[in-house]
Every structure is written in C-alpha cells, then in structure tokens.
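Okay, structure first, notes after.
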C-alpha cells in the first residue's frame, strides 16, 4: 500500500510577501522547492497540461518569481542583461531594465546566464547579474532605488562561468555571496534592504554558485552556505561562524542548495566526484556540532535541486555521463531507486506530487515514495537547455528555457 508522503518544511527565519502561495525567492516560500498551497491535478492528458500563454524571452537560468499578478525574471540578449516584470495572465512585459553585461568565452561555453534568481521583499525587487551588478528596484515601476557594482566597489571576482548565487532576505537585510580572490572577510555580505548600505561582511571561504538558506535548529536561526570546500553554519545577524564541515568538492563546483529535513539533518550534493552527504546537527552544551552520517558518489547533483520528503531526498543525479532521477534515505544513505528517462533535471514538490523538468524540456508529473516513482503524465514544453527550475503557484506552472517562457494550468 502506498502512503501519501508529507513534506517537512524546515527552513525558517525567512520572509515571504503576501499569501503563502506566492513564489518570491529562489526555491519558493521556504527556499526548499516546495509549494505547500498548490493545487495540482492527479494526472495530465496525453498532450500535457493546458498552456495558458507562451512567448519568446532571452537566455537565462534563474527561476521565475510570482508576486500576485506579476512575474519577475532575468534574461539576456547578446551582451545586455534585463531584469523584467511581466503580466502573469498574459506574459506581456510591464517594465524592464537593461544593464550591459559582456560575456567571456568561458561563460559562452555552457551558456552566459544570468543564473541568479531575483528576490521580492515588500515593494522592492532585488537582482544580481552575471557580472555582479546588484540592483534594488521599485517592483511596480522598475525605478532603480539603489545599486552596487560588487566588482568595482568590493573588489569581488566574477566566477568563470558567471555569478549564480540567489540573494535572500533576513530581518531587514539582503544576504548574498560576494567574495574575491584578493580580499578576505567578505565571502558573505549583508546589505540594508532599504538603503543598500553594508550591514556586515564576514568569512573567507571559497565562493561558489550555491545559494544560502536559513534553518532553525534548537530555537536558533542559522545561515547555511555550501561553499567551495565546506558547508558551514553562520549567525545570520553578523556572519560569525557557528559550525563548519569539510566537503572537499572538486573544482569548487557546489551549485545546488542544501536541504534541511526540518529537524536535524542537512543534505547537500555536488557533481563530478563530490557526491552527496547527510550531516546531522547535534547540540552539545551551547554549541552546534555537525556529524557526517554518510557519503555517497551515487547522488551527484550538477546544477539542479533536490527536495526532502518524509526522510528521503529526491533529485537528478549526473554530470557529463548518463543522468538518473533517484531517491535516497537521509538516515542511512541507502539508494531507494534510480529511474532512467530524464536528462539532468530540476523539480518542485507540490500537493503531494513531484513536477520534474529536465534540460531537454521534458515535463513530468509523478508521485514518489521510498519504493519508487509513479508517473502520471509526460510532455515536452521547452527546448535545450531548460535549466531553470519550474515555479508552481496554486494551480499555475511557469517554465522557461533559453528562448521562451510559458504558463500552464495544472489544477485538478
């Protein structure tokens, strides 16, 4: 007998605007790619869910934000990047802001971005481009309220394939990775959400493409970041170190966001020979101590995401070889199952179901348990490369590839 799984939401201390159904930051309301308020059909017809609209859009891999009747997205046309607001019902552009953003040969090799996902907080929108131009906009008009050139002002170094960290909000501040080869003490920086002033900067870990989360462990908010060779817990009010755990990732290619089970286990995964780990946090006196439960090379997330459902992690594994979708037990590291049929993929957990989008634009609806995956519909909605994770708000699905953006009705 299959039981319907229940996701445990454990990322706290975050801010989401308006109704819980909105998707105003990387990973959704709680930065864990879970849409709690979604209404998803139990199955799809042969041709897939009903398409509401479809339009051309430039290159980009950041996810689509939904704030009421407005979508926010970043995209590129040639050597310019745009932050834009679109009408959620039609896809029509409401406003857009252009910034020159030259690319290098290395950026062009696998796609020039932008890769970071913007952030909506109250009446403001924040975005960071491929070359680390950081803007704060009035979300209704697109007026620039403040900006920072993170390279010129703070001597940050643009990663070889471009900037990808998605900023997050915490108690009046916007936190993001900054770093720099010739600087120390600014691996992370927090900016005043209203003025853009620097509130704090701290740590000297190797910068990566991964985005931070905040978890609550034993009543304490902790900022968790997957840096180049370590995963760490920091105080979100000042960036001071709480705990650290070595990873030893090849090439510093930590791209995926860590996932918390809501209790005491963090799951993180990276590509190549880096593999996946589960780290249990323990309280010893007034200290938080990390303990590695297991390590496995069988689960290697390249540039996708994972979701945690009822003590198991689900996601796409694979880098430059074959890709599988799989499940793994968080306590033991035992592989539950692996399923062929998907290229490297992203996913969202919504209404007890998993919505999967692979890089060739294949979209699928499934239920997952430790026993396996059951598909309830498949179709093609995009072209290579569809690297941005889908966005689910109530009964609407928003997806994009490197050329287009589209909306679908996925309600029952």
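Summary of values
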item	result
Options 236, 246: the member that is over 30 Å from residue 357 (Cβ atoms) and at pLDDT below 95	246
Total residues in the range 136-158, condition in contact with a helix residue (DSSP H, G or I) (Cβ under 9 Å, 6 or more places away or on another chain) and either closer than 19 Å to residue 104 by Cβ or part of a loop (DSSP other than H, G, I, E, B) (or both)	3
Of all residues making up the range 310-330, the number that are surrounded by fewer than 16 Cβ atoms within 10 Å (Cβ to Cβ) and within 17 Å of residue 348 (Cβ to Cβ)	1
Residues (in contact (Cβ under 8 Å) with a residue 24 or more places away in the chain and more than 19 Å from the chain's Cα centre (by Cα)) located in the range 114-130	122, 124
Test: residue in the range 145-162 that is crowded, with 16+ Cβ neighbours inside 10 Å, in contact with a strand residue (DSSP E or B) (Cβ under 8 Å, 6 or more places away or on another chain) and under 24 Å from residue 281 (Cα atoms)	no
Selection status of residue 23, over 20 Å from the mean Cα position of the chain (by Cα) and at pLDDT 95 or above	no
Residue check for residue 201: in contact with a strand residue (DSSP E or B) (Cβ under 8 Å, 6 or more places away or on another chain) and over 21 Å from residue 267 (Cβ atoms)	yes
Single residue of the range 274-302 satisfying the filter (more than 24 Å from residue 241 (Cβ to Cβ) and within 20 Å of the chain's Cα centre (by Cα)) that is surrounded by the most Cβ atoms within 10 Å (Cβ to Cβ)	301
Filtered residues of the range 94-127 (kept if touching a strand residue (DSSP E or B) at 6+ places or on another chain (Cβ under 9 Å), surrounded by fewer than 15 Cβ atoms within 10 Å (Cβ to Cβ) and not in a loop (DSSP other than H, G, I, E, B))	96, 98, 100
Candidates 378, 383 - the one that is within 25 Å of residue 339 (Cα to Cα) and in a loop (DSSP other than H, G, I, E, B)	383
Among (1) surrounded by 21 or more Cβ atoms within 10 Å (Cβ to Cβ); (2) farther than 26 Å from residue 412 by Cα - the single one residue 345 does not satisfy	(2)
Conditions (1) closer than 20 Å to residue 111 by Cβ; (2) out of contact with any helix residue (DSSP H, G or I) (no Cβ under 9 Å at 6 or more places or on another chain); (3) surrounded by 17 or more Cβ atoms within 10 Å (Cβ to Cβ): number failed by residue 377	(1)
The range 82-109 residues that are over 21 Å from residue 133 (Cβ atoms), paired with ones that are modelled with pLDDT under 95 (beta carbon under 9 Å, 6 or more apart)	109/161
All strands (runs of 3 or more DSSP E) inside the range 200-302 with 1 or more residues being farther than 21 Å from residue 312 by Cβ	213-217, 220-226, 230-234, 241-246, 275-284, 287-296
Subset of the range 168-192 (residues that are crowded, with 23+ Cβ neighbours inside 10 Å, at pLDDT 95 or above and either part of a loop (DSSP other than H, G, I, E, B) or at positive phi (or both))	178, 187
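Yes or no, residue by residue, for (1) touching a strand residue (DSSP E or B) at 6+ places or on another chain (Cβ under 7 Å); (2) under 21 Å from residue 52 (Cα atoms); (3) without any contact (Cβ under 8 Å) to a residue 12 or more places away in the chain:
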position: 340; (1), (2), (3): yes, no, no
position: 385; (1), (2), (3): no, no, no
position: 398; (1), (2), (3): yes, yes, no
position: 404; (1), (2), (3): yes, yes, no
position: 407; (1), (2), (3): yes, yes, no
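The values are calculated or read from the model by the stated rules, or taken from the named source; none is laboratory data. In this text, all values refer to a predicted model and were calculated from it rather than measured experimentally. Cβ atoms come from the backbone with ideal geometry, glycine included; neighbour counts cover every protein chain shown.
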